[in-house]
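A short worksheet on the structure shown next.
Only the coordinates and a few stated rules stand behind these numbers; no lab work does. On a predicted model such as this, the values are computed, not experimentally measured, just so you know. Here the Cβ positions follow ideal geometry from the backbone for every residue, glycine too, while neighbour counts run over all protein chains shown.
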Amino acid sequence: MNNLAPTMNMLIEKLESHHSLSLSQYAFLIRHYSEEAALLLAEKAVALRKRFYGNAVYVRGLIEFSNICKNDCFYCGIRKSNSNCQRYRLSEEDIMACCHEGYELGFRTFVLQGGEDGYFTDEIMCRIVSRIKNTYPDCAVTLSLGERSYESYKALRSAGADRYLLRHETADQAHYESLHPKEMSFSHRMNCLKQLKELGYQVGCGFMVGSPGQTPQTLAKDLKFVETFRPHMCGIGPFIPHQETIYRDAAPGTVEMTCYLLSIIRLISPSILLPATTALGTIHPLGREKGILSGANVVMPNLSPVSVRKKYELYDNKICTGDESAQCRQCLARRMESIGYEIVTHRGDYIKQD
Ligand code: SAM
Ligand code: FES
């Protein structure tokens, strides 16, 4: 028997047997973080992840195609009001060249991520998506373009986009409002996620761990949201301050809490696609390995041209900004092998659990 309090053991058992937890139970789990609880949860999360995915780690090639953004999220290094950010936008040809390089390196998913850049109209974006899908029919395209209209999401889906990542950032409205300017709306973001699901995308939500103002109660709402919305993916990584934002002196999120939450999310949703993020690798040299060993099953090496990487700096000291795509791919393959896992080169779709 372990040394955990009986309530902790009861909650962990409940999670393991796929029972729903109340908000106060999720908050209890978070407030009572301990190394022992983290180890136990990680062990259970890894066993579950192995049942669905064996020792495979899915890779996604990340193409950060524009750092121009009309939004002003208070925590984000590429927010519109950061006048010290050198802006760039990749051309369609640049994006195709990244895919070409990625395909040769074995990538079968391309993630196009960027700020909310008005240049990328539906017409332009749909053309890019269908060009990628026509050139590489065996690949999945994931979009992460922020909030757009239902019609836009629909057109992009018809053009061939398979997946969409839109972190909800926090499932607590007041917390959301404290992190964003008043032009941005919590209900709009949540509604976008619902629409994306309705349109048949594999949908990813997510949040930063340790974002300013986050509490066990707001995190409990995030976990409840994952439980009820049932996303196919969930991107969580530590918040890391950026020097050109008002949160420059705020404390970053921790590896420990991020890994603890990765394990809990794996137990809530056994076959969910769960990345060990670059932010996790930024706050700890072995962050991504620790993420996988806590139940994550995806990594997202960077495929952006080296010339722009430093400019897509969402937070300070982001890793992998000087490496070529091939180096990033090899480095991650080695890292995964060192912990007994193996990078696989297929699309890596969500596995339905029921
Ligand atoms: N514009 C798209 C959107 O809003 O979904 C995609 C790009 S946005 C930069 C991608 C994610 O980066 C955000 O959802 C946010 O969670 C994360 N991010 C932004 N600033 C961050 C920071 N300082 N630390 C950690 N993650 C951050
Ligand atoms: Fe738009 Fe960060 S504020 S991507």
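Take every pair of alpha-carbon atoms less than 8 Å apart whose residues are at least six positions apart; their mean separation over the length of region 195-298 yields a relative contact order of 27 percent.
Once you have a ≥ b ≥ c as the square roots of the Cα gyration tensor eigenvalues for region 139-197, tell me rounded if a/c is under 1.5, and otherwise prolate or oblate according to whether a/b is larger than b/c.
Values: a/c = 2.81, a/b = 2.20, b/c = 1.28.
Prolate, since a/c reaches 1.5 and a/b exceeds b/c.
Using the Cβ-Cβ distance between Thr7 and Glu227 with R0 set to 30 Å, the FRET efficiency works out to roughly 0.95.
Counting only complete DSSP H runs, which helices of the chain cover 24 Å or more along their long axis at the Cα atoms and score a mean Kyte-Doolittle of -1.0 or above?
35-53
If each DSSP helix of 4+ residues adds -39,500 (n - 2.57) and the sum is divided by the residues in the chain, what number results at 222 nm, nearest 500 deg cm²/dmol?
Working: 14 runs with 153 residues, N = 354.
That comes out to -13000 deg cm²/dmol.
Rounded if a/c is under 1.5, else prolate if a/b beats b/c, else oblate: with a ≥ b ≥ c from the C-alpha gyration tensor eigenvalues square-rooted, which is region 49-167? Prolate shape, in that a/c is at least 1.5 and a/b is the bigger ratio. Note on Lys14: lysines with a C-alpha under 24 Å away, same-chain residues under 8 apart excluded, are Lys44, Lys50, Lys221, Lys224, Lys352. Taking amide H positions as modeled 1.01 Å from N, with prolines and chain starts lacking one, the residues under 5 Å from Lys80 and 5 or more places away or on another chain are Asn71, Asp72, Cys73.
Would you work out the relative contact order for the chain, in percent, from Cα pairs under 8 angstrom that are 6 or more residues apart?
Values: 662 pairs, mean separation 87.3, N = 354.
Relative contact order here is 25 percent.
Oblate is the label for region 29-82, because the ratio a/c of its alpha-carbon gyration tensor axes (a ≥ b ≥ c) is 1.5 or higher and a/b is not greater than b/c. Note on region 121-239: Kirkwood hydrodynamic radius from all Cα pairs is 15.1 Å, rounded to one decimal. Need the list of lysines near Lys133 for cross-linking: C-alpha distance under 21 angstrom, and skip anything on the same chain fewer than eight residues off. Straight-distance partners of Lys133: Lys154, Lys197.
Note on region 284-310 and region 149-175: Cα centroid distance 22 Å, given to the nearest whole angstrom.
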